[in-house]
1. Among LEU332, TRP387, SER358, pick out the residue whose Cα is farthest towards the positive end of the charge dipole of the stretch 332-399, where Lys and Arg carry +1 and Asp and Glu carry -1 on C-beta, about the Cα centre.
2. Assuming a ≥ b ≥ c are the square roots of the Cα gyration tensor eigenvalues, decide whether the chain counts as rounded (a/c under 1.5), prolate (otherwise, with a/b larger than b/c) or oblate.
3. Specify which residue in the list SER50, PHE146, PRO81 is farthest towards the positive end of the charge dipole of the stretch 41-187, using unit charges on the beta carbon of Lys, Arg (+1) and Asp, Glu (-1), about the Cα centre.
4. Compute the long axis of helix 188-203 from its Cα atoms, compare it with the longest principal axis of the Cα atoms of the chain, and write down the angle in degrees, 0 to 90, nearest 10.
5. Based on DSSP H runs of at least 4 residues, each adding -39500 (n - 2.57), what is the mean residue ellipticity at 222 nm of the chain after dividing by all its residues, to the nearest 500 deg cm²/dmol?
6. Where in the stretch 282-313 are there trypsin sites (Lys or Arg not before Pro) that are in a DSSP coil and have at most 16 other Cβ atoms within 10 angstrom of their Cβ?
7. Taking the beta-carbon count within 10 Å as an exposure proxy, list ASP88, ASP270 from fewest neighbours to most.
8. Note the count of lysine pairs whose C-alpha atoms are less than 27 angstrom apart in the chain, limited to pairs 8 or more residues apart or on different chains.
Amino acid sequence: MKDKPTGRSVPAYPSAWRGLSLAVSLLLCTDRALAQAAPRPPIVVGAISSLSGPVAFPESTDAVRAYFEVINAAGGVQGRPLKLVVEDDKGEPEQARQAARKLVGTLNVVAQVGSASIVDCAANAAEYARRGVVSIQGTGVEPACFESANIAPVNTGPYLSVATALQFAVDVLKRQRPCVLLLELQGTVPAYQRVIADWSQRVGRKPALVAVFTGGTDPALLWQQVVRERCDAVVYTGVEPMVIGWMQAGRGLHDVTVMPRIFLTPAYTDRVASVLGDATASPIYAMSEFEPWSSRSGWLSDWRAVMRGGKVPLSSFSQGGYMAAQVFVRVLRGIQGEITRASITEAFKQMPPMELASAGTPFQFGEGDTHNPNRATLPVRLDNGRWRIAHHSWIVVPE
């Protein structure tokens, strides 16, 4: 039986968030009073991100830092300020390993929060498990980020996002020959292929084309394959600059004028909207891993205020960093007694599912060997230079 794109409807102003806001306000008052009583040592938190190299994700850790500044201004947690130390792995595994030795070993950080890297998880998952430290990632990219006992990203990730994009193309857009173009980064293609094979088995059909490309691939060659295979929708997994280049290379191809282009969350940016908004009449979609940042719900108002205060760009990546920091602080506030690496790790291992107004499925950690708690995306469509919600409910990949 074909899976339908079911999921909970997108709330306008979630009551859960209002209740949470009141609870957080009361806790902030308590922490402010503790901070005024006596200064205490900071809670040192680490993050390893790809801030330079082939792909860069600076917004996630910038968002964590901005959120921590707000918490610290209100007294911190248990009267202790939160201190974030970020290391750039430059997209190189050895740099990531050195960064982990510094943060987890030398600096003895209590946890990793908001990391966004193309190499950190594969390079350091075993080290995190050995040293008993959790990593709550703002942007999980590698397969290892979703297959490790001590790592849990808050984002859906590119793999399940491809499955939701295919589901959207077939069930909502009613396409018969969807195709997939996969950006090859270290270790990613087999993970994509597993997810596509699982989707094909569930729905009883295969994509008309699955093609792999790199940053050096001529986008015109990809378009030739799309035309040759008569694709009636394309799921494209490249990052923002590649999205723009690929779209521009397809201008003037009459064979694909009305074919929907479905991108993943890296394409859901103001820049893509401004560059491509009036460039084509073809339908352009992106799969948002969180409640779309262009909507006006209550939690997003707080997020925007914090991001603007920290001068952090509004994007899905800064949403991920903000959510990772928010989840981390909520868990810290529930710890009875001293906040240490051991008590934090134990709290995450024992935590019940945490409902988040900004995600389609609850955040979970627990004792499992793998963690991909966010299993939902929400499609948005480019409309006259602006992104607008394109479907009434989250599209969820079943467990």
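Throughout, read-outs are computed from the coordinates displayed, never taken from laboratory work. Keep in mind it's a predicted model, so treat the numbers as computed, not measured. Every residue, glycine as well, gets a Cβ built from its backbone with ideal geometry; the counts of neighbours run over all protein chains shown.
1. Ranked along the dipole, the leading option is TRP387.
2. Prolate shape, in that a/c is at least 1.5 and a/b is the bigger ratio.
3. PRO81
4. Around 70 degrees separate the two axes.
5. -12000 deg cm²/dmol
6. Here the sparse-neighbourhood loop sites are ARG296, LYS311.
7. Listing ASP88, ASP270 from fewest to most nearby Cβ atoms yields ASP270, ASP88.
8. Summing the qualifying lysine pairs gives 11.
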